[in-house]
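Just below is one structure, and these are the notes that go with it.
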Amino acid sequence: MIDGAPFAFAGLWSSWKNLDGEWIDTYTVVTTTPNELTAKVHNRMPVILAAEDYARWLDVAQPKGAELLRPYPADEMMAYPVSTRVNTPKNDDAQLLERIEVTHPAPCTPPGVDEDWRERSAAGPVDLFHAHLRIGKRDPRRR
C-alpha cells in the first residue's frame, strides 16, 4: 500500500479428515480480476479487503456479497520491481522485498498469454487459488 499500512486478503479455510483419519487443514486465497496496477504483471489478483470490511468478512453470520470481491483501488497501491527470487518458495528472506534496478522492461503480458485473455476468460470475475497446508495430526476432539 502507498501508506505502508498492513492489509488483508480474503480467504477461506477448512479442516477435514482424510481417508486415513488424519486431520487436514486447507486454505484458499480468493482472487478477482486485476486492477490497472496488477494487470501489468498478472491476469488476476488476491481480493484485498478494505479495513472497514474485515469484521464483515470474518463474521460467519454476515452475508458476503459480491461487492467485497472487487479489485482493490490501484491508486491506493504501489509496486516496484523485485528479484525473480520471489518465484521460488524456498527463498524466504528480507532481500525479497528490496527494490532492484531494471535494465530491460518486463512484458506487460506474461509469456504465453495473449492480450485478449480477459475476453476469453470462462472463469468469470472471481476464481479461487487453492493451496493445501498439511499441519499434521490434530487432536480428534477438536472440531
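Each value in this text was obtained by applying a stated rule to the coordinates, not by laboratory testing. Since the model is a prediction, treat every value here as computed from it, not as a measurement. Because the Cβ atoms are built from the backbone with ideal geometry, glycine has one as well, and the counts that use them run over all protein chains shown.
Amide H contacts of VAL47 (H built 1.01 Å from N, in plane; Pro and chain starts excluded): ALA10, VAL30, THR31, THR32 sit under 5 Å, all sequence-distant by 5 or more or on other chains. Simple spin-label estimate for ASP93 and LYS64 gives 3.7 nm between the two label positions (7 Å along the Cα-to-Cβ direction from each Cα). Taking amide H atoms as placed 1.01 Å from N in the peptide plane, the amide H of MET77 lies under 5 Å from those of ILE2, each 5 or more residues away in sequence or on another chain. Extension gain, THR103 to LEU19: 0.36 nm times the residue separation minus the Cα-Cα distance gives 25.1 nm. Packing-based ranking of 76-84, 90-98 yields 76-84, 90-98, ordered from highest to lowest mean Cβ neighbour count within 10 Å. Summarising the amide proton neighbourhood of ILE24: residues at separation of 5 or more, or on other chains, whose placed amide H is nearer than 5 Å comprise TRP16, LYS17, ASN18.
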